[in-house]
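To keep things clear, I will list the structure first and then write my remarks on it.
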Amino acid sequence: MSHAAVGAPGTPRRYLHSLWLLSARDLKVRYSTSFLGYLWSVLDPLVMSAIYWFVFTQIFHRDVGEEPYIVFLISALLPWVWFNSSVSDFTRAFKKDSRLVRSTAIPRSIWVNRIVLSKGMEYLFSLPVLAIFVVVNLIVETEPANTVQVGWGLLWLPVAVFLQTVLLVGLGLLVAPLCVMYVDLERTTALVLRAMFYATPIIYNVSDLPGMFQTLGAFNPLAGIMMLYRMPFFPDQWNAFTLVVSVAMTLIILLLGIWTFRALERPVLKEL
């Protein structure tokens, strides 16, 4: 293709074009080689939601979260799958395509950003599942207390997507080079992600935490982001302090990621 179509080498237009091609390739490989294809984007969070819904509503007496609990769960589990799968792939971002990383002149940050973009697109593909549960609830549920409230909070959804994108870019620039330099970090990251699932308000609210743990929980950058994802359906979730802390933590992680990436880019290329 001509430079006019994709941009001259080293320009933002060429970078974005390459980013799109790499992300599209990831999605094509993922769906073309799988029998279930698109269903894998929704199967994992759907099964997890069903398990937690059954455990906390049919077996144990639940005193956390909101009604309808299935919508409460899925609205946070879908972005969590985006976060979890992205961070997991960051640990192999450079090793997986080490030959291309070494030989191409494209800025190396693209190997992180293509993961964020492709996994983000999978999240968007999974949103119809959430919409189906919301519509079913509005049609079937007769008790106002158990009915989803769809309102102005929908405006917060793109803000949540943007904040999570920034957070993931920062984490990717931090995790990807460190995992090349320190091999054990790949397994450590998997353990941290398991713990982080329960430290993130997915099956509960930050307000459900006791005492000082509410304040500590707000310093999880995902806490405010998950709150924004739930705002379209649970407007009572609003907490300005949690959002401000999440934005601040996200920016700090982004700056730390940029600094780490620039400091380790050359050592990483020597290590690959």
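Some notes on this structure:
- Just one of (1) outside any loop (DSSP other than H, G, I, E, B); (2) within 19 Å of VAL47 (Cα to Cα); (3) among the small types (Gly, Ala, Ser); (4) touching a residue at least 60 places away in the same chain (Cβ under 8 Å) fails for GLY65. It is (1).
- Among residues of region 93-108 that are touching a residue at least 60 places away in the same chain (Cβ under 8 Å), those with a beta-carbon under 6 Å from a residue that is small (Gly, Ala, Ser) at least six positions away or on a different chain give the pairs ALA93/ALA176; PHE94/ALA176; ILE106/SER18.
- Some residue of region 4-24 being open to solvent by less than 30 Å² (accessible area, probe 1.4 Å), aliphatic (A, V, I, L, M), touching a Ser or Thr at 6+ places or on another chain (Cβ under 6 Å) and modelled with pLDDT of 70 or more: no
- Condition check for PRO177: within 29 Å of ALA93 (Cβ to Cβ) and assigned to a loop (DSSP other than H, G, I, E, B): no
- Reported count of residues in region 236-259, each being farther than 15 Å from LEU157 by Cα and not in a helix (DSSP H, G or I), is 1.
- Only one of LEU228, LEU130, LEU185 that is touching a residue at least 40 places away in the same chain (Cβ under 8 Å), closer than 30 Å to ARG25 by Cα and buried (at least 17 other Cβ atoms within 10 Å of the Cβ): LEU130
- Exactly one residue out of VAL206, VAL247 is among the β-branched types (Val, Ile, Thr), open to solvent by 20 Å² or more (accessible area, probe 1.4 Å) and under 28 Å from ILE132 (Cα atoms): that is VAL206.
- For first residues located in region 204-225 and of a type in the set (Gly, Ala, Ser), partners that are open to solvent by 70 Å² or more (accessible area, probe 1.4 Å) and not in a loop (DSSP other than H, G, I, E, B) and lie 6+ apart or on another chain with Cβ distances below 7 Å form the pairs SER207/GLN214; ALA218/PHE241.
- Exactly one residue out of ARG266, ARG262 is at pLDDT 90 or above, in a helix (DSSP H, G or I) and among the charged types (D, E, K, R), and it is ARG262.
- Test set (1) in a helix (DSSP H, G or I); (2) over 18 Å from the mean Cα position of the chain (by Cα) - PHE233 fails condition number: (1)
- ILE59 being over 29 Å from GLU186 (Cβ atoms), open to solvent by 40 Å² or more (accessible area, probe 1.4 Å) and more than 18 Å from the chain's Cα centre (by Cα): yes
- Any chance VAL150 is of a type outside the set (S, T, N, Q), under 18 Å from the mean Cα position of the chain (by Cα) and open to solvent by 60 Å² or more (accessible area, probe 1.4 Å): no
- Any chance PHE213 is among the aromatic types (Phe, Trp, Tyr) and open to solvent by less than 50 Å² (accessible area, probe 1.4 Å): no
The values are calculated or read from the model by the stated rules, or taken from the named source; none is laboratory data. All figures in this text were calculated on a predicted structure; none of them were measured in a lab. Glycine gets a Cβ as well: all are built from the backbone with ideal geometry, and neighbour counts include every protein chain shown. These area figures cover heavy atoms from the full protein model, side chains too; ligands, DNA and RNA do not enter into them. Shrake-Rupley method; radii C 1.70, N 1.55, O 1.52, S 1.80 Å.
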